[in-house]
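In what follows, a single structure is set out as structure tokens and then discussed.
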Amino acid sequence: MALGPNRNLLAIVVLTAWLSSGQVRAQLDFERDPIHYSKSQPTDRVARLAEELISGRRTLQWEDKHGYLKAVLSALEVPHSSQTLVFSKTSLQVSRISPQTPRAIYFNDDVYVGWIPQADVIELSAADPQLGGTFYTLPQEQHGGPHIRRETAKCLSCHASTHTRRVPGHIVRSVYPSQTGLPVYRLGTHINTDSSPWEERWGGWYVTGLYGAQRHMGNATVKDPDQDPPLDTETGANLTRLDDQFDTARYLSCHSDVVALMVLQHQAFMHNALTAANHAGRLTERDAKLMNKLLEREPEYESEATISRYQHAAEKVVKALLFADEERLTDPVTGTSSFAEEFSGAGPVDSQGRSLRQLDLQCRLMRYPCSFLIYSDAFRQLPPGVHQRVLRRLHAVLTADIAEDEFSHLSSDDRRAIHEILTVTLDAYPVDSHHEPLSD
């Protein structure tokens, strides 16, 4: 029997008061229902590797110079060419990091590996499709064999903050580093994303590559905090080698490739956007089920409020996927390693050989500005209420006769090409015509 008008109204009032209470606001935290971040078992690639090591199905070979680094990169399929180098003391092992011993970061689409010469542990993190950023350490100890430990509290103080949309995530941050690598925080910091101005990027990082008259904060330290500007951005511009900065022979590569850095900052931003949408969608599902039960509605009924919440989460994902706020390049960019070639060649491609991994580097990062992370587990496992709306909205934007203002950075040719690529390479994408099968 359906609720009467008065009981119906009472249920709405009670639920509204409950949802607005401090108790429920606390429950929106990722440690509570339905996320349960720390209590949930991750399913990401690092978690799977940890299980393989415990079961004995895999081992990692030790070598004196790098410990388990080469073996773990191979096991996780992370290319050496992805190496970027950060010398600011902004990590778990701050005492080990300096301009003479930068932390190397290697990455692929869903895994990040941090390594420092002679450090106690290798730092690992992943983009878990349900939890978001997950963090691990691998002790650099030969005796007893390799074992991976999950870390939560130590990492989340930074990696679950406003820097990451208040969900567990990843950060590419630019600081004003002192000559020892300590950030001079009173000068400020910048989170680096696609929309960051070049002049705010990569403070505390080494950068190799050519990029014309564009200037960034990398390859420099603060000698006098009261100097204006505090960093000399000219001397370290357009470096192609780092031998004069530190002993590069200790690392797997002598590069900290500017193209890899650009991809890294996009990827970290995109992963955080997907995690925020995942958590928002799951919270919306929870609240909708509760409301429907109280009002004796069909379990899958979507109220206007529920639809609005799903759409809000989906819109943020669409903007991130399509590089809506990307800072345009004013000069072409060229890397110094094989990263660009390896990254672009990973596919998938359509029948014309086009791929969302093709780089532009003339006026923007990608030749076809739609994030390659649309193929990731993090995207595929978005809650249905968000996932379906992202795909429908994406289709509408790409097939519109006239581009909306928010997507005016995409020409009609761009939108047509992205639509055609997705039609062939993404099974879930709405298909409005016959299409050719994937190319090998």
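The values are calculated or read from the model by the stated rules, or taken from the named source; none is laboratory data. Because the structure is a prediction, the values reported are computed rather than measured. We place every Cβ from the backbone using ideal geometry, glycine too, and count neighbours over all the protein chains shown.
Scanning segment 97-119 for residues that are farther than 21 Å from Met270 by Cα and either in contact with a Cys (Cβ under 8 Å, 6 or more places away or on another chain) or without any contact (Cβ under 8 Å) to a residue 24 or more places away in the chain (or both) turns up Arg103, Ile116, Gln118. Pull up segment 52-93, narrow it to residues that are of a type in the set (Gly, Ala, Ser) and on the phi > 0 side of the Ramachandran plot, then point me to the one that is surrounded by the fewest Cβ atoms within 10 Å (Cβ to Cβ). If we take residues in segment 52-93 being of a type in the set (Gly, Ala, Ser) and on the phi > 0 side of the Ramachandran plot, then Gly56 is surrounded by the fewest Cβ atoms within 10 Å (Cβ to Cβ).
Could you run through segment 104-135 and say how many residues are under 14 Å from His170 (Cβ atoms), in a strand (DSSP E or B) and either in contact with a helix residue (DSSP H, G or I) (Cβ under 7 Å, 6 or more places away or on another chain) or not small (Gly, Ala, Ser) (or both)? Residues meeting the conditions: 15. Taking segment 95-134 as the range and being more than 22 Å from Thr43 (Cβ to Cβ), modelled with pLDDT of 95 or more and among the hydroxyl-bearing types (Ser, Thr, Tyr) as the test, the residues that pass are Ser98, Thr101. One residue stands out in segment 209-250 among those that are among the aliphatic types (A, V, I, L, M) and part of a loop (DSSP other than H, G, I, E, B): the one that is nearest to the chain's Cα centre (by Cα), namely Met217.
All of Val222, Val172, Val207, Val167 fail the test of being touching a Leu at 6+ places or on another chain (Cβ under 7 Å), within 16 Å of Asn272 (Cβ to Cβ), of a type in the set (Val, Ile, Thr) and buried (at least 17 other Cβ atoms within 10 Å of the Cβ), apart from Val172.
Here is a yes/no grid of residues against (1) touching an Asp or Glu at 6+ places or on another chain (Cβ under 7 Å); (2) β-branched (Val, Ile, Thr); (3) more than 22 Å from Phe107 (Cα to Cα):
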site	(1), (2), (3)
Gly353	no, no, yes
Cys370	no, no, no
Tyr375	no, no, no
Arg380	no, no, no
Arg392	no, no, yes
Val397	yes, yes, yes
Ala400	no, no, yes
His419	no, no, yes
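Among the residues of segment 77-123, those that are under 20 Å from the mean Cα position of the chain (by Cα) and among the charged types (D, E, K, R) comprise Glu77, Arg103, Asp109, Asp110, Glu123.
If we scan segment 125-141, do we find a residue that is more than 22 Å from the chain's Cα centre (by Cα) and free of Cβ contacts under 8 Å to residues at least 24 places away in the same chain? Yes, segment 125-141 has at least one match. Being more than 21 Å from the chain's Cα centre (by Cα), at pLDDT 95 or above, part of a loop (DSSP other than H, G, I, E, B) and not β-branched (Val, Ile, Thr) is a property that Leu3 lacks. Out of curiosity, is Arg201 of a type outside the set (Phe, Trp, Tyr), surrounded by 19 or more Cβ atoms within 10 Å (Cβ to Cβ) and over 30 Å from Ala75 (Cβ atoms)? In short, yes. Residues in segment 286-331 that are part of a loop (DSSP other than H, G, I, E, B), within 30 Å of Arg357 (Cβ to Cβ) and out of contact with any Asp or Glu (no Cβ under 8 Å at 6 or more places or on another chain): Leu322, Arg328, Leu329, Thr330, Asp331. None of Asp377, Asp414 is of a type in the set (Asp, Glu) and within 19 Å of the chain's Cα centre (by Cα) except Asp377. Taken as a whole, the condition of being in contact with a Lys or Arg (Cβ under 9 Å, 6 or more places away or on another chain) and either aliphatic (A, V, I, L, M) or modelled with pLDDT of 95 or more (or both) does not apply to Ala378. Residues that are acidic (Asp, Glu) and closer than 12 Å to Glu420 by Cβ within segment 345-363 comprise just one, Asp350.
Matching residues to (1) part of a helix (DSSP H, G or I); (2) modelled with pLDDT of 95 or more; (3) within 18 Å of Ala346 (Cα to Cα):
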position: Asp414; (1), (2), (3): yes, yes, no
position: Ile421; (1), (2), (3): yes, yes, yes
position: Val424; (1), (2), (3): yes, yes, yes
position: Pro437; (1), (2), (3): no, no, yes
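Of all positions in segment 94-101, none carries a residue that is under 29 Å from Ser344 (Cβ atoms) and crowded, with 20+ Cβ neighbours inside 10 Å. What number of residues within segment 136-163 are part of a strand (DSSP E or B) and loosely packed, with under 15 Cβ neighbours inside 10 Å? Qualifying residue count for the region: 1.
The residues in segment 356-407 that are polar (S, T, N, Q), within 30 Å of Ala213 (Cα to Cα) and touching a His at 6+ places or on another chain (Cβ under 9 Å) can be counted, and the count is 1. The condition of being under 22 Å from Ser256 (Cβ atoms) and assigned to a loop (DSSP other than H, G, I, E, B) does not hold for Arg166. For segment 401-418, the set of residues classified as surrounded by 13 or more Cβ atoms within 10 Å (Cβ to Cβ) and of a type in the set (D, E, K, R) consists of Glu406, Asp414, Arg415, Arg416, listed by residue number. Could you identify the single residue in Asp413, Asp360, Asp401 that is free of Cβ contacts under 8 Å to residues at least 24 places away in the same chain, of a type in the set (Asp, Glu) and touching a Lys or Arg at 6+ places or on another chain (Cβ under 8 Å)? Of the residues listed, the single one that is free of Cβ contacts under 8 Å to residues at least 24 places away in the same chain, of a type in the set (Asp, Glu) and touching a Lys or Arg at 6+ places or on another chain (Cβ under 8 Å) is Asp360.
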